[in-house]
Amino acid sequence: MFVLFFIIWFVNWPVERHQLASTLLSLKGLDNKFHDFEECIVELPGDVQKYFRPPVTCEFCQNVTHIPRVSGITPNEFEENYAYSGHPIVVVDATKTWTAMNVYNFKFFQDVHKNVTEENEGKQRTSCQFFPYKTKFQGLEDVFNMSVEKAYMKDGSPPWYIGWKNCDYTVGSILRKHYSRPYFLPVLAESSKTDWIFMGSPGYGAHLHIDNVGNPSWQAQITGNKRWILEPPPECYYTCTPHMEIVVKPGEIMVLDANMWYHQTIIEGDEIAIAIGSEYD
Ligand SMILES: *[C@@H]1O[C@H](CO)[C@@H](O)[C@H](O)[C@H]1NC(C)=O
Ligand SMILES: *[C@@H]1O[C@H](CO)[C@@H](O)[C@H](O)[C@H]1NC(C)=O
Ligand SMILES: *[C@@H]1O[C@H](CO)[C@@H](O)[C@H](O)[C@H]1NC(C)=O
Ligand SMILES: O=C(O)CCC(=O)C(=O)O
Ligand SMILES: [Fe+2]
């Protein structure tokens with residue numbers, strides 16, 4: 001028994017504490033990203049989590065050695081090989097008709113947010129989930145109160161990175177004028193009606209974590225270059241490729257089951273990165 005305990009501990013040591021939050025959330029039946037609760041759980045001892053995370057079978061990552069970059073993939077082909085298998089993929093040609101690439105930038109989101117906040121008579125209701133990562137921002141209000149100079153770090157300001165889920169109908173309809181459902185999604189798959197947006201400056205990104213949202217998701221890089229680092233759960237280090245990286249460029253779409261893979265991101269290059277995506281079933 002003790003030996004078994006030790007082995008489990010040893011195999012699990014690099015696991016992030018976030019997992020505990022995910023698992024607690026799933027136990028509570030909450031359909032949420034764990035990030036929200038991050039602040040509440042950092043005080044818990046790191047090794048408690050191993051009792052909460054259900055064992056993972058490593059089948060999903062067994063034959064995954066790299067992240068393919070494809071174009072012209074049919075919905076059937078995508079569905080058979082990637083949509084629900086947990087095999088990550090980058091589709092490079094799915095944003096050709098989108099105007100987002102010409103329209104989305106920090107100022108655009110700032111204006112949309114300002115306009116809608118005014119329409120709502122000052123009430124902030126555009127994000128229902130907000131991840132500040134390592135910044136001190138408490139919400140979108142703080143992010144969009146940054147000057148453009150500060151956002152672009154022209155005044156020596158430090159790098160920043162945030163993510164949020166948009167739940168405002170008006171904002172959603174403005175954003176959707178500039179993108180559409182990726183053509184390769186399975187015909188019957190429903191894309192969730194709320195968008196995730198991740199935005200921030202070079203030199204920063206999301207720390208290594210795993211989510212518990214149930215569904216896989218697609219994420220289109222609109223501006224900036226994002227390096228993705230993917231790792232299977234630690235118990236799969238010996239059966240699966242333990243570490244994969246890919247840089248996703250503007251116009252490319254990353255498809256990832258963030259509930260299966262630990263993922264970390266870092267923005268590279270000179271541009272502020274903006275990505276938009278959603279879950280699908
Ligand atoms: C992985 O590939 C091997 C060799 O082609 C095959 O035997 C095995 O069934 C595959 N495993 C999965 C989970 O697809
Ligand atoms: C914000 O509102 C102004 C005034 O109505 C409008 O001209 C502008 O296009 C809006 N900006 C965005 C990004 O929606
Ligand atoms: C916005 O930023 C300015 C400084 O640039 C600050 O004085 C002001 O209090 C901030 N407003 C809010 C709502 O945080
Ligand atoms: O885009 C990022 O930087 C992080 C995205 C992420 O964590 C997710 O989609 O689950
Ligand atoms: Fe994530």
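Right, residue 223: in contact with a Lys or Arg (Cβ under 8 Å, 6 or more places away or on another chain), of a type outside the set (A, V, I, L, M) and closer than 20 Å to residue 140 by Cβ or not? Answer is no for this residue.
Return a yes/no flag: does segment 120-132 have any residue that is of a type outside the set (A, V, I, L, M, F, W, C), surrounded by 16 or more Cβ atoms within 10 Å (Cβ to Cβ), more than 14 Å from ligand 3 (Cβ to nearest atom) and more than 22 Å from residue 226 (Cα to Cα). Yes. Within segment 167-199, restricting attention to residues that are within 14 Å of ligand 4 (Cβ to nearest atom) and in contact with a helix residue (DSSP H, G or I) (Cβ under 9 Å, 6 or more places away or on another chain), the residue that is farthest from residue 242 (Cα to Cα) is 194. As a summary of the residue check, residue 80 satisfies the conditions (1) within 15 Å of ligand 1 (Cβ to nearest atom); (2) modelled with pLDDT of 95 or more; (3) within 22 Å of the chain's Cα centre (by Cα) except for the one numbered (3). Considering 194, 223, 265, the condition of being in contact with an Asp or Glu (Cβ under 8 Å, 6 or more places away or on another chain) and touching a residue at least 60 places away in the same chain (Cβ under 8 Å) is satisfied by 223 alone.
At pLDDT below 95 and either within 16 Å of ligand 5 (Cβ to nearest atom) or open to solvent by less than 20 Å² (accessible area, probe 1.4 Å) (or both), is that true of residue 112? Against the criterion (at pLDDT below 95 and either within 16 Å of ligand 5 (Cβ to nearest atom) or open to solvent by less than 20 Å² (accessible area, probe 1.4 Å) (or both)), residue 112 does not qualify.
Residue 244 falls short on exactly one of the conditions (1) hydrophobic (A, V, I, L, M, F, W, C); (2) out of contact with any Lys or Arg (no Cβ under 6 Å at 6 or more places or on another chain); (3) within 26 Å of residue 181 (Cα to Cα), and that condition is (3). Going residue by residue through segment 178-189, is there one that turns out to be among the aromatic types (Phe, Trp, Tyr), open to solvent by 10 Å² or more (accessible area, probe 1.4 Å), over 12 Å from residue 277 (Cβ atoms) and away from ligand 1 (no atom under 16 Å from the Cβ)? Looking through segment 178-189, at least one residue is among the aromatic types (Phe, Trp, Tyr), open to solvent by 10 Å² or more (accessible area, probe 1.4 Å), over 12 Å from residue 277 (Cβ atoms) and away from ligand 1 (no atom under 16 Å from the Cβ).
The values are calculated or read from the model by the stated rules, or taken from the named source; none is laboratory data. Computed from a predicted structure; not experimentally measured. Neighbour counts run over all protein chains shown; Cβ positions are idealised from the backbone, glycine included. These area figures cover heavy atoms from the full protein model, side chains too; ligands, DNA and RNA do not enter into them. Shrake-Rupley method; radii C 1.70, N 1.55, O 1.52, S 1.80 Å.
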